[in-house]
1. Please arrange Ile7, Ile97 by how many other C-beta atoms lie within 10 Å of their C-beta, fewest to most.
2. Between Leu230 and Leu190, what FRET efficiency follows from the Cβ-Cβ distance if R0 is 60 Å, with the result rounded to 0.05?
3. By its C-alpha gyration tensor, with a ≥ b ≥ c as the square roots of the eigenvalues, how is segment 125-259 shaped: rounded for a/c under 1.5, else prolate for a/b larger than b/c, else oblate?
4. Less than 15 Å Cβ to Cβ from Asn228, Lys/Arg counted +1 and Asp/Glu -1: what total charge do the surrounding residues give?
5. Could you pull out the GluC sites (Glu not before Pro) across segment 186-279 that fall in loop regions by DSSP (anything but H, G, I, E, B) with no more than 16 other Cβ atoms inside 10 Å?
6. If R0 is 45 Å, what FRET efficiency do you get for Ala369 and Arg114 from their C-beta distance, rounded to 0.05?
7. If I take every Cα pair under 8 Å that is 6 or more residues apart in segment 210-316, average their sequence separation and divide by the length, what percent do I get for the relative contact order?
8. Take the alpha carbon gyration tensor of segment 1-105, find the square roots of its eigenvalues, order them as a ≥ b ≥ c, and report rounded if a/c is under 1.5; if not, report prolate when a/b exceeds b/c, else oblate.
Amino acid sequence: MLKSLNISNFAVIRYLSIEFHQGLNVLTGETGAGKSIIVDALSLLLGARAFTDVVRTGENVALVEGVFELDGSNEQRVKSELSDLAVEIADDEYLTIRREVQLGGRNRIFINDRSVTLATLKKLQPFLVEIHGQGEQRSLLSPHAHQLLLDGYAGCDDLRRQAAVKYARWRKMVEELNAMIRDKTDRERLLDILKFQVAEIENLNPQPGEFERLLEEKKLLTYSEQLNELNASAYNHLYESEQSVLTRLGSVRRTLQALEKIDKRFSPLLNALEEATLSLTDVADTLRSYAARIEYSPARLSEIEERMSEFERLKRKYGRGDNDLNEIREDLYRQLDQLTNWEEHQGELLADLDVLRGEYRVLASELTACRQAATLDFERRVMEDLRQVAMESARFRVVIDTAKEEPEATSDRQLQPPRQQEEDADSTLTSSPAYWSPTGADYVEFHLSANVGELARPLQRVASGGELSRLMLTLRTICRGGAKVQVEPPLKTALVFDEIDTGIGGHVAEAVGRRLKSLAASQQVLCVTHQPQIARFADHHYAIAKHVEEGRTLTRITELGHQERVTEIARMLGVSQEVATARETAQWLLETARENPLVGNTKASGRDRRKKKDSDKRT
């Protein structure tokens, strides 16, 4: 649940602090007062793209901070996501998210005062808030959205992911075959290129590890003079000079021998010195023999540099980075073999492709069966809920058209990948489609008839803005629970509806208000609305207004008491708040909402209709 939201220097908001509550929280105000700005700030807090123009004019940074109370499955899943970041949340602790957007373009994100990435924030968003913004109803016109909604309800998401993996592998294999099946001229041209490339590397004849050995030898030749000087100096100090280490050790040895004759306890020391002398003598012999091997050869150095240069040229030419030339040569051999024996390789790939097609076909069939099994119950649930939002005569259908034939993959012609599902609003279903896609072999489309006697047709052809608003609310409500028994309990995120009342009014708006009220009985709902019929059902009502202060436009928000709600609803009715009948009507709306807020029948009782009729006459 969203406990509070603090906004600073965001658009026309200088500072707002809002305490939200469980139940239905309604935000109202004149057009342009800043209602949707608050929703935009919440979207930013939960991972929306940050733009510097949200920073209030004259300020350097905009800040949005939200405090969330976690419970049940939400708490466990959020803690799981944050465990890798060493962010710990105590059982009685709130989750605090803060996001800062600076004028220079930089933005920072903190969770419980620990800096996190935008990717982390987006992972948490599904467990905290679900926002349905303005214009989202238009997304219902896309058949792709229809399929996602049905799959979510039917519990087909895992099958769809498996099908997507198989499809990706299938398509990659098709593309590989497309690259292989060329006409004779192309194959011969490519064969000539590959033979030339192999010949270039064969002429160089690189040996395993040769480049590293050449590099080491070049280093020795380059520093041969310095090596000779250092080696001679070490040998001289150790053995050659009159004051060499071994000469002085000989003197020490003789002294220890004299001591040992007097006191046998010096015997171990004498033995250790003799062993050290032998070791140092071996070092001196090694230095002497190494000096004999040091030879500077300009010709050999030039030869090494030329060969190394050829190594580098071929590696750059074939664009293989740090790969060894032998690896490049082996890869070229494989390509040559494939082109030389392309018919044999084609047969192997086609056999593998047949296996993969069979695996995909099984998953696609299971996915189709999963969707079809849930369709009737889904249609029934949608129509039942539509009756609660004043669409008693609506008929809703899910049309699933499944591909009858898969694309032909064994043709001698160049293979073509399958068609994607058509998402154009003007497209129509064909009787026998031939498509495969990452989401299976089905084309799913919702059909609706909102009026008696009319055939159910695709949404984009028949649904009005108001009908789409109500259908969107219904679908979002139903698809959150799903038809399948869930392994994990459903998420109780805060639901935010930004002007869901678009295109509706009258008793339809009242029906939507009742539906929101019903939804808010089990989870927190925030709703931005212009309709008094919706606002009347609020558990907590906030009024948003803007005013001018010192030449600047500012937005403020106020949680309303009962009398203030009467005034605000009277304003929303479009009548001056000073007119007595407007206030009486507003008072009546609030009282009747409290008396029976969750009644599904959108038609008022006879007594209420007469009371309202009398009030209208007085007006």
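1. Values: Ile7 27, Ile97 21.
In order of increasing Cβ crowding within 10 Å: Ile97, Ile7.
2. Details: r = 55 Å, r/R0 = 0.92.
The pair Leu230/Leu190 has a calculated efficiency of 0.65.
3. Working: a/c = 5.13, a/b = 2.12, b/c = 2.42.
The shape class here is oblate.
4. On the way: positive: Lys219, Arg288, Arg293; negative: Glu225, Glu229, Glu240, Glu295.
Once positives and negatives cancel, what remains is -1.
5. On the way: sites: Glu188, Glu200, Glu202, Glu210, Glu212, Glu216, Glu217, Glu225, Glu229, Glu240, Glu242, Glu260, Glu274, Glu275; in loops: Glu242.
Those satisfying the criteria are Glu242.
6. On the way: r = 46 Å, r/R0 = 1.02.
In this case the efficiency is close to 0.45.
7. Values: 59 pairs, mean separation 44.5, N = 107.
Answer for segment 210-316 is 42 percent.
8. Numbers: a/c = 2.61, a/b = 1.44, b/c = 1.82.
In terms of gyration-tensor shape, oblate.
The numbers here are math on the coordinates, done by the rules we state, and not lab data. As the structure is a computational prediction, the values presented were derived from the model and not from experiment. We place every Cβ from the backbone using ideal geometry, glycine too, and count neighbours over all the protein chains shown.
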